[in-house]
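The values are calculated or read from the model by the stated rules, or taken from the named source; none is laboratory data. All values derive from a computational prediction rather than experimental measurement. Cβ sites come from the backbone with ideal geometry, for glycine too, and all protein chains shown count toward neighbours.
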């Protein structure tokens with residue numbers, strides 16, 4: 001298990017802000033957040049660009065300059081099957097481990113899969129499990145993840161949940 005990075009702590013803090021908010025978005029000051037974590041504002045930009053993507057279920061709106069802000073919106077799929085199909089089509093023929101984890105986290109956050117299921121899927125598509133050349137590994141990971149998403153979509157269509 002790897003040690004959490006400052007990016008992990010910042011991302012977790014932002015997710016906590018979402019959990020505490022009743023709004024469809026949260027608004028943060030980039031400089032204030034950087035000061036809170038003792039980092040440069042560019043570190044906040046990195047977290048927003050890598051952890052709060054549309055693929056992860058977020059949209060980010062930013063205004064720079066004095067008093068600038070960052071608004072982060074949580075996107076939500078209308079139906080679980082819609083999100084599963086969207087993720088399936090995004091995968092394509094190859095996917096990296098970080099991109100796969102991003103999809104798995106979103107499915108867990110949207111309560112389409114449980115924490116246990118997320119862990120099992122993560123272990124299955126992890127680089128250590130798929131001990132192959134990276135090109136083959138990313139293709140195999142895509143095939144495995146797409147098969148799991150297709151199975152989940154069939155369960156959703158049949159009325160079953162996780």
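The condition (being under 22 Å from residue 15 (Cα atoms), outside the structural domain of residue 135 (by TED's automatic domain parsing) and modelled with pLDDT under 80) is satisfied by just one residue among 51, 63: 63. Within the stretch 1-23, the set of residues being in a loop (DSSP other than H, G, I, E, B), modelled with pLDDT under 90 and surrounded by 11 or more Cβ atoms within 10 Å (Cβ to Cβ) comprises just one member, 21.
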